[in-house]
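Engineer: Structure provided below as structure tokens; questions to follow.
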Amino acid sequence: MKRAISIIILALFALLGISPIIFLAAGAFMGNQEIMDAIGPVLQTHHGNASWKLLPKFPTMKNLVQLLLDTPEFFQMFWNSVKITGGILAGQFLFGTPAAWGLARYSFRGKKVIYLIYITMMMMPFQVTMLSEYLVLDQMHLLDTSASIILPGIFSTFSVFIIYRFFCGIPEEILEAARIDGAGELQIFFRIGIPLGAAGIISALVLSFLECWNMIEQPMTFLATKSLWPLSLFLPKVDSSNAGVSLCASLIALLPAVLVFLAGQDYFEQGIASSAVKE
Amino acid sequence: MQNMKHATFWLKGLGVLLAAMFLFTVISRATDSITVAKVSVSTPASRKIQHAISAEGRAEKNREISVLTQPDILVRSVLVNAGQRVEKGDVLAILDLAHLEEQFEDVVGEKRALELQNQALEQNRRQEQQSKRKAAARAKSDYHQIIQKNNQAIRKARTAVNKAQRACQKGKDALRNARTALKKVQTETEKKKAPLRQKVEKEKETLTSLEAALSEQRNILAELQKTADAEKQTAKRAIEDAMATPATDHTDDINDISIQKLNHKIRKLSALKKGKGMITASEGGVITAVLTGVGQKTLDTAIFTMTDDRAGLKFIGQIAPKDAKYMSVGDTVTLESAGNQVEAPIASMELDENKEFMNVTALLPADTFSLGETISMALVQESENYPCTLPLTAIYNDNGKKYILAAETEDTVLGKQQVARKIEVKVLEQNDSYAALESDGIKENSKIITDAESFVKAGDRIRLIEKESE
């Protein structure tokens, strides 16, 4: 009985959690007029109270067709997002993984200080580092280029912190055995470190993907050229003429994030579990 | 291993999504290239606005003349019809000779009567003048006689008055002496005084009678003078009446004028008689109207109207009133018909009766066009040089407000794109092809949309298919 109640309560919370997705899925197949009738009071174009339906009254593919066939701007921004996100993730894998390995597996002077700096940096929101980042990027003549978003993202401390925790979980005995067997440090890193820390690396990359895919402040700050904007800045203003397309765009923008999350979900859970067991 | 399969499945899904997105990227780009309006652009140019005005018209007679003759004469025959061409000297009609002779005799008789009347008037006037002169001489003579007679009578009366005055004075002296003598014997007895008193009384009586006589003489003198003045006035008036100018009488002058007219008529009738009653054309031309007929009497107005070859032809065409502002009297127009092309100045411009068209008239040079020929008129007028002109297709109208669309490069999500931007303008002058605009807000190198393959509104993305600058 208790279990059933728990399931019902959890189901209610889960329903509440996915309600935005239901909102998106239903709205993507509504006509503009139907959407404005429902959310017009929110946009102050209609009187009364906003309402929503789970199923469209008059389902239409018009918005989807318009988005896919008649909105090249959407695809331009989609591929901008892919470029930025892919660049950041590749960079994080390239630089973040060795950094985390070094911090986790080697003892050297100042290690704790460096780790403290990492933690401190990770806790700082973007608004704090925005000005200094802007000045540095300006000096490097990288403002208004995709590199102005990718470069700071590559050296994000968050992914290093996550991977660090996984690398710390690898038993020292395995590494010692490898050394005895004659393995070099690079071999140990590539043959033992990365495979055993894969769950952590994937977890870090999945989290970074979600963060980068939804990035808004950085592009708005560092990118003046509209052709470089990512998908998160598509249709910032919703009105009666583009409400349906906006919802469709949001729904499609959601798909890569969902797929990436589902692909990395098992590693993500495994990593968290092993980390918890280790702790 | 299970995790790997699970991840691979979703990663494949991600791959499919990316592939689909790539496919739709290509499709949407292709669609965009079709739907984005392709436009032709032009930069503003400095030019003069030409106004070409043309009209169709006809060659018409420039002047009509009338053929006149003496009125009230019977027409025996009419030899021409309306529209018939005649040369100078051609016989147009023949009058009845007997009736013409009768008219001639009537006029001659009328003239003779007036001449006799004038002679009688002259004779009467001379006699009257003679009588007037005699009457005046008599009146003057009477006047002088009356003056002389009255002067004599007045002199006599004055002499009698003077004499009576002297007698009165003597009477007064005698009375005074008698009174003085009476005073001297005042102290004497009454007996002595009595004769003296009687004398005084007698002298008083004498003086009274003398004074009465004097008064009577004075009255006579006054009466005489009054009578003399009246007679003098009467005689003077008689002279004035005798010398007065007789009343004006212009009967003879009027008769002279009538005689002159009759002489003129007689000369014309004589000429007609001499020409055996034939009426001929004074100039070559075309008969436009026959206003009399056989058996009718000639009118005091024209009996024929006809064109005058000497006056030539004129072109009359109609243009729209809106075009009239580009033409003015004196402008040279090109007239063309059947390969024949001449230039002629505009002689007049005036609205037609309905005020719908403007009639344009130009005098045609001699021997260029024939009467009734259809002629094309053309005139090209150039305005002042305007610094900013554009093809008329570049001008849009929004509820009376004129605007143009300029192609401008704008930073969009798709990169640098050409976008239509609205610029409100004021049209200064235009023809069928170009319009002159106020250059405010329009740059020299602005690319103005002059033609579009589909409808373009402000803010639309466009593609340039031509960068040609006119």
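The values are calculated or read from the model by the stated rules, or taken from the named source; none is laboratory data. Just so we're clear, the structure is a prediction, and the values are computed from it rather than from any experiment. Neighbour counts run over all protein chains shown; Cβ positions are idealised from the backbone, glycine included.
Engineer: Working carefully through the options A:L54, A:L116, A:L12, find the one that is more than 29 Å from A:M220 (Cβ to Cβ), outside any loop (DSSP other than H, G, I, E, B) and not assigned by TED's automatic domain parsing to the domain that holds A:P152.
Structural biologist: Values: A:L54 fails: outside any loop (DSSP other than H, G, I, E, B); A:L116 fails: not assigned by TED's automatic domain parsing to the domain that holds A:P152.
Result of the check over A:L54, A:L116, A:L12: A:L12.
Engineer: Moving on. I'm checking my understanding of the structure. Among residues of the range B:330-350 that are over 30 Å from the mean Cα position of the chain (by Cα) and not aliphatic (A, V, I, L, M), which one is surrounded by the fewest Cβ atoms within 10 Å (Cβ to Cβ)?
Structural biologist: Of everything passing the filter in the range B:330-350, B:G339 is surrounded by the fewest Cβ atoms within 10 Å (Cβ to Cβ).
Engineer: Now for a separate question. For a quick check of your reading: which strands (runs of 3 or more DSSP E) sit entirely within the range B:1-109 and have at least 1 residues that are of a type in the set (S, T, N, Q)?
Structural biologist: B:37-42, B:45-61, B:64-67, B:75-78
Engineer: Let me ask something else. Among the residues of the range A:69-83, write down those that are more than 7 Å from chain B (Cβ to nearest Cβ), within 17 Å of B:L23 (Cβ to Cβ) and crowded, with 21+ Cβ neighbours inside 10 Å.
Structural biologist: A:F74
Engineer: State whether one or more residues within the range A:42-63 are at pLDDT below 95, surrounded by 19 or more Cβ atoms within 10 Å (Cβ to Cβ) and among the aromatic types (F, W, Y).
Structural biologist: Within the range A:42-63, the first condition is being at pLDDT below 95, and the residues that meet it are A:42-63.
Right, trim to surrounded by 19 or more Cβ atoms within 10 Å (Cβ to Cβ) and you get A:63.
Narrowing further to those that are among the aromatic types (F, W, Y): none.
For the range A:42-63, residues at pLDDT below 95, surrounded by 19 or more Cβ atoms within 10 Å (Cβ to Cβ) and among the aromatic types (F, W, Y): absent.
Engineer: So, one more: Would you point out the residue of the range A:57-68, among those that are more than 29 Å from the chain's Cα centre (by Cα) and not in a helix (DSSP H, G or I), that is farthest from the other protein chains (Cβ to nearest Cβ)? First the steps, then the outcome.
Structural biologist: Quick first cut of the range A:57-68, residues more than 29 Å from the chain's Cα centre (by Cα) only: A:57-60, A:62.
Now restrict to residues that are not in a helix (DSSP H, G or I): A:57-60.
Details: A:K57: 27, A:F58: 24, A:P59: 21, A:T60: 18 Å.
Out of the qualifying residues, it is A:K57.
Engineer: Check off (1) assigned to a helix (DSSP H, G or I); (2) under 21 Å from A:G184 (Cα atoms) for A:Q92 and give me the number that stays unchecked.
Structural biologist: Only one criterion in (1) assigned to a helix (DSSP H, G or I); (2) under 21 Å from A:G184 (Cα atoms) is unmet by A:Q92, namely (2).
Engineer: A further question on this structure: Under 9 Å by Cβ, and 6 or more places apart or on different chains, what pairs join a residue from the range B:141-155 that is closer than 10 Å to B:L224 by Cβ with one that is polar (S, T, N, Q) and at pLDDT below 90?
Structural biologist: If the second residue must be polar (S, T, N, Q) and at pLDDT below 90, no pairs are left.
Engineer: How many residues does the range A:192-227 hold that are part of a helix (DSSP H, G or I), more than 18 Å from the chain's Cα centre (by Cα) and buried (at least 22 other Cβ atoms within 10 Å of the Cβ)? Steps first, answer last, please.
Structural biologist: First, the residues of the range A:192-227 that are part of a helix (DSSP H, G or I): A:192-196, A:198-213, A:217-222, A:226-227.
After this cut, where a residue has to be more than 18 Å from the chain's Cα centre (by Cα) as well, the list is A:192-196, A:198, A:221-222, A:226-227.
From what's left, buried (at least 22 other Cβ atoms within 10 Å of the Cβ): A:193, A:222.
The total comes to 2.
Engineer: Yes or no: A:L55 without any contact (Cβ under 8 Å) to a residue 60 or more places away in the chain and touching a helix residue (DSSP H, G or I) at 6+ places or on another chain (Cβ under 7 Å)? Even if it seems obvious, please write down each step before you answer.
Structural biologist: On the way: without any contact (Cβ under 8 Å) to a residue 60 or more places away in the chain: yes; touching a helix residue (DSSP H, G or I) at 6+ places or on another chain (Cβ under 7 Å): yes.
Here the answer is yes, as A:L55 does meet what is asked.
Engineer: Here is a follow-up. Of the residues B:A174, B:A157, B:A213, which is in contact with a Leu (Cβ under 7 Å, 6 or more places away or on another chain), in a helix (DSSP H, G or I) and surrounded by 12 or more Cβ atoms within 10 Å (Cβ to Cβ)? First the steps, then the outcome.
Structural biologist: Details: B:A174 fails: in contact with a Leu (Cβ under 7 Å, 6 or more places away or on another chain); B:A213 fails: in contact with a Leu (Cβ under 7 Å, 6 or more places away or on another chain).
Selected residue: B:A157, the only one of B:A174, B:A157, B:A213 that is in contact with a Leu (Cβ under 7 Å, 6 or more places away or on another chain), in a helix (DSSP H, G or I) and surrounded by 12 or more Cβ atoms within 10 Å (Cβ to Cβ).
Engineer: Kindly evaluate A:G169 against the criterion of being touching a Lys or Arg at 6+ places or on another chain (Cβ under 8 Å) and away from chain B (no Cβ under 14 Å). Spell out how you get there, then give the answer.
Structural biologist: Values: touching a Lys or Arg at 6+ places or on another chain (Cβ under 8 Å): yes; away from chain B (no Cβ under 14 Å): yes.
Judged against the criteria, A:G169 is a match.
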